[in-house]
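Undergrad: Before I ask anything, here is the structure I am working with.
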Amino acid sequence: MSMFHPVPPAPPENPRPAVVPPTGPDERDLLVRLRALHEAGRIKVTVNRAKLSHMDFPLGLEADGNRWAYAIVLAIVAIWWFLGMYAGIASAIVGFLIYQTLGQRYVERRLLARIHDKGLGEIDNWRKLWRFGGVILTDPKTGETCLGPEGRWMGFVQAVDAKS
């Protein structure tokens with residue numbers, strides 16, 4: 001028997017297998033793609049009208065609706081003061097109808113503009129919108145929809161993008 005003992009080989013420096021990065025686009029890339037598809041008219045982004053008036057709706061501003069309400073109330077008070085009770089009651093009815101038609105459309109347009117500018121521009125805002133619910137993505141060609149928070153918006157964007 002010899003006195004020489006072979007030295008065992010040194011273990012590799014990193015015994016763990018290498019982590020394989022994900023191959024698909026990440027969430028931020030898909031949000032950029034969603035915005036581009038929306039601007040190109042290939043995905044329509046809308047909001048459930050019932051969610052528009054909820055006070056906790058992300059990106060919602062009470063000021064949009066309040067502008068209309070304050071102006072209408074001031075007009076009603078002025079008409080009541082100068083023209084009397086019956087004219088004031090009639091103006092209140094007309095004011096209510098104006099708010100329900102023109103005012104609500106104005107609020108919705110402003111909200112959709114904020115969703116486009118801020119919601120589709122920042123991933124944190126988009127996550128809040130999607131988790132809150134009420135955001136509807138629609139493929140205008142097929143009529144397919146994806147509704148938050150249950151729907152998978154990332155898969156929807158990839159599917160619409162793949163159709164081109």
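Undergrad: Quick one: what pairs do we get from region 136-164, first residue free of Cβ contacts under 8 Å to residues at least 12 places away in the same chain, second among the hydroxyl-bearing types (Ser, Thr, Tyr) and not in a loop (DSSP other than H, G, I, E, B), C-beta under 6 Å, 6+ apart or different chains?
TA: What qualifies is THR145/THR138.
Undergrad: Shifting gears a bit: How many residues are in a strand (DSSP E or B) and either modelled with pLDDT of 90 or more or surrounded by fewer than 17 Cβ atoms within 10 Å (Cβ to Cβ) (or both) if we restrict to region 122-146? Before you say what the answer is, go through the steps one by one.
TA: Residues of region 122-146 in a strand (DSSP E or B): 135-138, 145-146.
Retained after the next criterion (residues that are either modelled with pLDDT of 90 or more or surrounded by fewer than 17 Cβ atoms within 10 Å (Cβ to Cβ) (or both)): 136-138, 145-146.
Qualifying residue count for the region: 5.
The values are calculated or read from the model by the stated rules, or taken from the named source; none is laboratory data. Please read these numbers as outputs of a predicted model, since none were measured by experiment. Using ideal geometry, Cβ is built from the backbone for each residue, glycine included, and neighbour counts are taken over all protein chains shown.
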